[in-house]
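Visitor: One structure coming up, written as structure tokens, with questions to follow.
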Amino acid sequence: KAGVTQTPRYLIKTRGQQVTLSCSPISGHRSVSWYQQTPGQGLQFLFEYFSETQRNKGNFPGRFSGRQFSNSRSEMNVSTLELGDSALYLCASSPDRGLLSYEQYFGPGTRLTVT
Amino acid sequence: ELKVEQNPLFLSMQEGKNYTIYCNYSTTSDRLYWYRQDPGKSLESLFVLLSNGAVKQEGRLMASLDTKARLSTLHITAAVHDLSATYFCAVSFGNEKLTFGTGTRLTIIP
């Protein structure tokens, strides 16, 4: 079974630009979550999508947005990039949201560098 | 707001020794996770603990959960170099997000 895939793996952008990251969950998984990892703030939750609906949202500004498609693939978008957005962005998928099956499987991440 | 604290933040230990990483969390949780992360890599799931008293073991790693004390431990037995990595605990409640600890950077010295 293929794991979670994220594209692109590495990205360099300039301040003020926008960026879109993509995540393909494990086949059959309907929940996709996004996390930002930085040396200073650690791992922080961005948002979660389930069946094309945003179910949870972290404490990030509105410049961070996401969506999920009918095939469970998800994208996140960051507009008006700032230097502080440089981070590893991790996507995780899980089968559903039931108590016994809420293990999250993480993708390899997208390393975003803002210059 | 759920807060998760890990200690120590950094741990340097000799091969063959035993040590324990601690994870405390501030409010009720019904799932506790342990992950491993190698430099520049993603998170690898190690254990999911669901109930009070749960204990899981894989190789030289053993995780336990005490929900009354809101404490989980990750015990390393007879450490080997391959265990060098950063270890994270994370907790969630119901269908809420995962809240991660700060991570423990473990270095095994030959």
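The values are calculated or read from the model by the stated rules, or taken from the named source; none is laboratory data. Being a predicted model, the structure only gives us computed values, none of them experimental. So basically every Cβ, Gly included, is an ideal-geometry build from the backbone, and we count neighbours across all protein chains shown.
Visitor: In the list A:R30, A:R97, A:R9, A:R55, which residue meets the criterion of being of a type in the set (K, R) and modelled with pLDDT of 95 or more? Steps first, please.
Guide: Working: A:R30 fails: modelled with pLDDT of 95 or more; A:R97 fails: modelled with pLDDT of 95 or more; A:R55 fails: modelled with pLDDT of 95 or more.
Unique residue meeting the criteria: A:R9.
Visitor: In addition: Could you identify the single residue in B:L83, B:L74, B:L50 that is in contact with a strand residue (DSSP E or B) (Cβ under 9 Å, 6 or more places away or on another chain) and under 18 Å from B:L2 (Cβ atoms)? Even if it seems obvious, please write down each step before you answer.
Guide: Numbers: B:L83 fails: under 18 Å from B:L2 (Cβ atoms); B:L74 fails: under 18 Å from B:L2 (Cβ atoms).
On inspection, the qualifying residue turns out to be B:L50.
Visitor: Checking the structure you have, find out if any residue of the stretch A:9-17 is within 11 Å of chain B (Cβ to nearest Cβ) and in contact (Cβ under 8 Å) with a residue 60 or more places away in the chain.
Guide: The first filter runs over the stretch A:9-17 and keeps only residues within 11 Å of chain B (Cβ to nearest Cβ), leaving A:9-10.
From what is left, the residues that are in contact (Cβ under 8 Å) with a residue 60 or more places away in the chain are A:9-10.
Checked the stretch A:9-17: at least one residue is within 11 Å of chain B (Cβ to nearest Cβ) and in contact (Cβ under 8 Å) with a residue 60 or more places away in the chain.
Visitor: Being under 25 Å from B:E1 (Cβ atoms), loosely packed, with under 12 Cβ neighbours inside 10 Å and within 14 Å of another protein chain (Cβ to nearest Cβ), is that true of even one residue in the stretch A:90-107?
Guide: Yes; the residues of the stretch A:90-107 include at least one that is under 25 Å from B:E1 (Cβ atoms), loosely packed, with under 12 Cβ neighbours inside 10 Å and within 14 Å of another protein chain (Cβ to nearest Cβ).
Visitor: Can you name the condition, by its number, that B:F93 falls short on among (1) more than 11 Å from chain A (Cβ to nearest Cβ); (2) among the hydrophobic types (A, V, I, L, M, F, W, C); (3) more than 13 Å from the chain's Cα centre (by Cα); (4) exposed (fewer than 15 other Cβ atoms within 10 Å of the Cβ)?
Guide: Every listed condition holds for B:F93 apart from (1).
Visitor: Being over 28 Å from A:F60 (Cβ atoms), more than 11 Å from the chain's Cα centre (by Cα) and without any contact (Cβ under 8 Å) to a residue 60 or more places away in the chain is true for just one of B:S42, B:S26, B:S51, B:S12. Which residue is that?
Guide: Working: B:S42 fails: over 28 Å from A:F60 (Cβ atoms); B:S26 fails: over 28 Å from A:F60 (Cβ atoms); B:S12 fails: without any contact (Cβ under 8 Å) to a residue 60 or more places away in the chain.
Testing whether each residue is over 28 Å from A:F60 (Cβ atoms), more than 11 Å from the chain's Cα centre (by Cα) and without any contact (Cβ under 8 Å) to a residue 60 or more places away in the chain leaves just B:S51.
Visitor: What do you reckon, is A:Q68 within 14 Å of another protein chain (Cβ to nearest Cβ) and either of a type in the set (D, E) or under 19 Å from A:Q104 (Cα atoms) (or both)? Steps first, answer last, please.
Guide: On the way: within 14 Å of another protein chain (Cβ to nearest Cβ): no; either of a type in the set (D, E) or under 19 Å from A:Q104 (Cα atoms) (or both): yes.
Spelling it out, it is not the case that A:Q68 is within 14 Å of another protein chain (Cβ to nearest Cβ) and either of a type in the set (D, E) or under 19 Å from A:Q104 (Cα atoms) (or both).
Visitor: Further question: For the stretch A:12-36, which positions are surrounded by fewer than 16 Cβ atoms within 10 Å (Cβ to Cβ) and either in a loop (DSSP other than H, G, I, E, B) or of a type outside the set (S, T, N, Q) (or both)?
Guide: Correct list: A:I12, A:T14, A:R15, A:G16, A:Q17, A:Q18, A:S27, A:G28.
Visitor: Now for a separate question. How many of the residues in the stretch B:3-28 are more than 12 Å from chain A (Cβ to nearest Cβ), surrounded by 13 or more Cβ atoms within 10 Å (Cβ to Cβ) and closer than 24 Å to A:F106 by Cα?
Guide: Count: 6.
Visitor: While we're looking at this one, here's another question. Among the numbered conditions (1) surrounded by 14 or more Cβ atoms within 10 Å (Cβ to Cβ); (2) of a type outside the set (D, E, K, R); (3) farther than 14 Å from B:Y22 by Cβ, tell me where B:M62 comes up short.
Guide: (3)
Visitor: Another question, then. Evaluate the following for B:Y33: is it among the aromatic types (F, W, Y) and within 11 Å of chain A (Cβ to nearest Cβ)? Working first, answer last.
Guide: Details: among the aromatic types (F, W, Y): yes; within 11 Å of chain A (Cβ to nearest Cβ): yes.
In short, yes.
Visitor: Here is a further query. As an exercise: evaluate B:A78 against (1) closer than 30 Å to A:Q54 by Cα; (2) small (G, A, S); (3) away from every other protein chain (no Cβ under 14 Å) and give the number of the one condition it does not meet.
Guide: (1)
Visitor: Consider A:A87 against the criteria (1) within 14 Å of chain B (Cβ to nearest Cβ); (2) in contact (Cβ under 8 Å) with a residue 60 or more places away in the chain: it satisfies all of them except one. Which criterion is unmet?
Guide: (2)
Visitor: Any residue in the stretch B:59-85 that is on the phi > 0 side of the Ramachandran plot sitting within a Cβ distance under 8 Å of a residue that is of a type in the set (F, W, Y) and not in a loop (DSSP other than H, G, I, E, B)? List the pairs, counting only those 6 or more apart or interchain.
Guide: Matching pairs, first to second residue: B:R70/B:Y25.
Visitor: Do the conditions hold for B:T104, that is, is it β-branched (V, I, T), over 22 Å from A:Y89 (Cα atoms) and either more than 11 Å from chain A (Cβ to nearest Cβ) or without any contact (Cβ under 8 Å) to a residue 40 or more places away in the chain (or both)? Let's see the steps before the verdict.
Guide: Working: β-branched (V, I, T): yes; over 22 Å from A:Y89 (Cα atoms): no; either more than 11 Å from chain A (Cβ to nearest Cβ) or without any contact (Cβ under 8 Å) to a residue 40 or more places away in the chain (or both): yes.
Here the answer is no, as B:T104 does not meet what is asked.
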